[in-house]
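Take a look at the structure below.
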Amino acid sequence: MHFHKYEKIWLTFGMASLVLFLSIVGVSAFSQDHTPAGGMTTIDPKKVNETAPFDKPGVTQLDDDTYQVAIVALAFGYTAPELKVPAGKEIIFKLTSTDVVHSFTIDNTKVNMMVVPGRITTKSYTFDKPGKYLILCNEYCGAGHHMMFTEIEVY
Ligand code: CUA
């Protein structure tokens, strides 16, 4: 096979850029100890129902200003009995999945968590305004993906 001179130059340039940028990503990930956005806490996906806090999913008040919300995502829904949290307080969402990758996305907020089996994803958020917020899954997770939603009431 014959390569034209300019083709060789561009191929070399392309390969070199690829190696350079992948090296930058790789070296910075290890040297700066990057972790997945949700955290590195692991959980046995088969024992989710026996592992705290997912053995009792729902809202727990931790102290005067902090609430924890534990939710299990599964095809196709969220084990969230009744989600009611106050506005102006720190809400710590903890999620895991028992089957495939889902998401926990609260409409009109900055909460957009990837929910991965075997990991606990944590995100803290404070709602400014009371109201009902739609929660949905935005990771395609199977035939019932479009039916995977719930809501949270902020009072
Ligand atoms: Cu769960 Cu899409």
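Bear in mind these aren't lab numbers, they're just calculated from the coordinates by the rules spelled out. Computed from a prediction, not measured in an experiment: that's the story for all the values here. Please note: Cβ atoms are built from the backbone with ideal geometry, for glycine as well, and neighbour counts cover all protein chains shown.
Applying a threshold of 7 Å to beta carbon distances and a minimum spacing of six or more residues, or different chains, the list of pairs starting in region 113-142 at a residue that is free of Cβ contacts under 8 Å to residues at least 40 places away in the same chain and closer than 17 Å to Gly77 by Cα and ending at one that is more than 15 Å from the ligand (Cβ to nearest atom) and in a strand (DSSP E or B) reads Tyr133/Glu151; Tyr133/Ile152; Tyr133/Val154; Leu134/Glu151.
With respect to the conditions (1) within 12 Å of the ligand (Cβ to nearest atom); (2) within 19 Å of Thr35 (Cβ to Cβ), Leu74 falls short on a single one, namely (2).
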